[in-house]
Amino acid sequence: MKQQAMTAWLCAGLKTGLSSVPASVFASAMALAMCVQPGYGQMSQPMTNMSTNMTTNMDQKSATALMTWWKNAVVYEIYPRSFQDSNGDGIGDLNGITSRLDYLKGLGVDAIWLTPMYPSPQVDFGYDISDYEAIAPEYGTMADFDRLVAEARKRHIRVMLDMVMNHSSDKHKWFEESRSSKDNPKRDWYVWKDGKGETATDPGQPPNNWQSAFGHSAWQWDATTRQYYYHKFYIEQPDFNWNNPEVEKAFDDILNFWMNKGVAGFRFDAITTLFEDPSLTDENVVKGKDGKPKINAFGDEVVDGKKTDNLPENNTVIAHIRSVMDQAPSNVYPGKRVMIGETYVPTIKDLLQMYGTPEKPEFELPMDTQVGFLNKLDVAKFRSKLNDAETELDGNVPLLVFENHDNPRIDARYGDGVHDTDITRVISTILFASRGASLFYYGGEIGMKTTPPTRKEDVKDPVGITGWPKEKGRDGERTPMQWDDSKYAGFSTVKPWLPVPPNKATINVKAEQAEPDSLLAWYESLIRLKKTNPAMRAGSNVMLDTTNTKVLSWLRKGPGKDAVVVATNFTAEPQTVDLSAAAAGVTGTKLKTLLKTPGEAEPASITAVSLPPFGVYIGQVE
């Protein structure tokens, strides 16, 4: 870590207000408060030996904090197309995000993850990339991006980008070269195979029964060179051939391009699907209890995906990426650059492998989808999965997540239509009051609801177009951010690319900022506790009352005597729970309330904490 770079980062925070400086580096920031005003990074006057030594010690603590910021981080996913339109075209953009940074600072986020804003034909709304080192015109310019990074840094918000390494757009120059002829130098950058039974006049059949995640065969016939190319996702998203070292080198250069612009890391899309079984044998067909093949929403037989997902070769590439990122220079970004993985893996053992080993580390933060996508309020299952995250990951940091741009929001997966706000309080408490990092999706903090299209002709997402009506696509979780109750919810001055849900009249930032008991206020309070309470910030997770099937409760046991108990009611009936934690070595018998469901009374005692329907209680043990 270069001290000048670290000093600059701290002083940038001081210029924008001390509240932007994390508590862990606040003391050092104060020691550096003599930074010169306009060009920080230098001291305005010589320091005594005593102050130099003091500052050096504080700098060491600050340097540690900059390298470990991700371990208790709050990461906010932004879908740029839907966050804020700044130029009146109905599409969100980078300048719109910049204009809302103060809101994000107030919310308490440490980093924002931007879904793809690269040039793209928008077949998959940005995940079909045609240029990895540019900004799509509809989102702005590279100068706009640089300004976003600079303004975010002033507020101590890091910018992370989506990195799509499994596939490109079929309009990328690499694929256009690859498909031009069999002897083109880029031919082997993608996966090409002969079909079955091909003749001079007939393409025959695809090489095997592998399926696209978005429906139908994963193989597409290309008449120019008379071969099939493989696409795990849309036809317009051909897969890279990661057995070719030139592909790896190309992505090394792409990662370094963006790291040199000061990004704090990447979320790696579809990272478990980089490799395919070279034998090209068929996937196994999944059968139902009747012995017949299961049929999915696209009308295809369901296959198990074992030939095309989570192959061991993936881990070699991930370890290489980690080495590239760990070697990035610190002069443009002082601190740890972090890898988030889109890791939909079947078991906790598979998730553990995504962290790598001490000798060959991989992801710092692979998403723990084991917890967040149970899609049912089942206390026993949540307790088991959260305990796995605490005890089965060899001490690695879990990254919990419940919502994203590919899945319906909390209301559609956990809500009952009556207690949705209280249920969201339950889910958000699990997200922020458990050990580890927390990732959440724009609008979750105000309780935005899944609003799918009601007519096929209104569908934008090709998933919905292909699968309608059983599969309505992902438009419902991508609607514009609801900032206020105006015609277009403060997102734009013109008709947005997706309709604004009617509930924007009551579910919006402006209304909730004015209401102290709002869901937005709840999120802000939870995040504040996560960052400032010693047990919430660094304590272990210990499950309490482990036979209870209606209330999920746990202890955050921090350093020293710090201890916080958390209880969440998973039912629509009032419950009473005993939160004493003597068995876990906590002898206190009194509670100091830190946060509870609005309007509820203080608990009678630690052994009799009353919870309303879908209620929450968080208290310090004294």
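The values are calculated or read from the model by the stated rules, or taken from the named source; none is laboratory data. What you see is a predicted model, and the numbers here were worked out from it, not measured in a lab. All Cβ positions, even for glycine, are placed from backbone atoms using ideal geometry, and neighbour counts span all protein chains on display. Side chains are part of the model used for accessible areas, which takes the heavy atoms of the whole protein and leaves out ligands, DNA and RNA. Shrake-Rupley method; radii C 1.70, N 1.55, O 1.52, S 1.80 Å.
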Inset, instruction - Provide the per-residue ³J(HN,Hα) series for region 195-203, in order, calculated from phi with Karplus coefficients 6.51, -1.76, 1.60 and θ = phi - 60°, each as a whole number of Hz, with x at glycine and proline positions. - result: x, 8, x, 5, 10, 5, 10, 9, x
Legend entry - Angle in degrees between helix 245-259 and the longest Cα principal axis of the chain, rounded to the nearest 10: 40
Legend entry - Whole-Hz ³J(HN,Hα) from phi, Karplus 6.51 cos²θ - 1.76 cosθ + 1.60, for region 525-530, glycine and proline x: 5, 4, 5, 4, 4, 4
Inset, instruction - State the percent of C-alpha pairs, over all pairs in the chain, separated by a distance greater than 48 angstrom. - result: 14
Legend entry - Alpha-carbon centroid distance for the pair region 431-463 / region 188-237, whole angstrom: 33
Inset, instruction - Counting only C-alpha contacts under 8 Å and six or more residues apart, can you give the relative contact order of the chain as a whole percent? - result: 11
Legend entry - Degrees between helix 142-154 axis and first principal axis of the chain (Cα, 0 to 90, nearest 10): 20
Inset, instruction - Report the antiparallel proportion of the DSSP beta bridges in the chain as a percent, rounded to a multiple of 5. - result: 60
Inset, instruction - Starting from the Cα gyration tensor of region 426-546, take the square roots of the eigenvalues, sort them a ≥ b ≥ c, and report rounded, prolate or oblate (rounded when a/c is under 1.5, otherwise prolate if a/b is larger than b/c, else oblate). - result: oblate
Inset, instruction - Using only alpha carbon pairs under 8 Å that are at least six residues apart, calculate the relative contact order of region 187-320 and give it in whole percent. - result: 20
Legend entry - Column: log10 I(q)/I(0), Debye, Cα scatterers of region 246-394, q = 0.11, 0.12, 0.13, 0.20 Å⁻¹: -0.56, -0.66, -0.75, -1.26
Inset, instruction - Taking the Cα centre of region 375-433 as origin, work out the dipole magnitude from +1 charges on Lys and Arg Cβ and -1 charges on Asp and Glu Cβ, in debye rounded to 20. - result: 120
Legend entry - Cβ charges +1 (Lys, Arg) and -1 (Asp, Glu), total dipole of the chain, debye: 1620
Inset, instruction - Just subtract the alpha-carbon distance of Asn296 and Lys61 from 0.36 nm times their residue separation and send over the number in nm, one decimal. - result: 79.3 nm
Inset, instruction - From the P(r) of region 321-478, can you give the percent of Cα pairs sitting at distances over 21 Å? - result: 55
Inset, instruction - At a 1.4 Å probe radius, which order do Lys261, Lys71, Lys232 fall into by accessible area, largest first? - result: Lys71, Lys261, Lys232
Inset, instruction - In whole angstrom, note down how far apart the Cα centers of region 287-341 and region 126-179 are. - result: 20
Inset, instruction - State in Å² the accessible area per residue of the chain; use a 1.4 Å probe, count heavy atoms of protein chains only, and round to the nearest integer. - result: 40
Inset, instruction - Work out the length of the dipole vector of region 449-601 about its Cα centre, built from +1 on the beta-carbon of each Lys and Arg and -1 on the beta-carbon of each Asp and Glu, and round it to the nearest 20 debye. - result: 400
Inset, instruction - Give me the number: length gained by fully extending Val494 to Ala200, i.e. 0.36 nm times residue separation minus the C-alpha to C-alpha distance, one decimal in nm. - result: 100.5 nm
Inset, instruction - For the chain, find the longest principal axis of its Cα atoms and tell me its angle to the long axis of helix 49-68, 0 to 90°, nearest 10. - result: 40
Legend entry - Calculated over region 434-503: convex hull of Cα atoms, volume per residue (Å³): 121
Legend entry - region 243-262 versus region 548-585: alpha-carbon centroid distance in Å: 46
Legend entry - Residues with amide H under 5 Å from that of Gln211, placed H, sequence gap 5 or more: Ala218
Inset, instruction - Work the Kirkwood hydrodynamic radius out for region 396-438: mean of 1/r over every pair of different alpha-carbon atoms, inverted, in Å. - result: 11.1
Legend entry - Computed [θ] at 222 nm, deg cm²/dmol, the chain (DSSP H ≥ 4; -39,500 (n - 2.57); rounded to nearest 500): -8000 deg cm²/dmol
Inset, instruction - Would you work out which of Thr597, Ile430, His172 lies farthest towards the positive end of the dipole of the chain? Charges go on Cβ: Lys and Arg +1, Asp and Glu -1. - result: Thr597
Inset, instruction - First compute the accessible area of the chain with a 1.4 Å probe, then give the percent of it belonging to carbon and sulfur atoms. - result: 51
Inset, instruction - Could you work out the Rg to Rh ratio of region 284-353, with Rh taken as the Kirkwood radius (inverse of the mean 1/r over all Cα pairs)? - result: 1.20
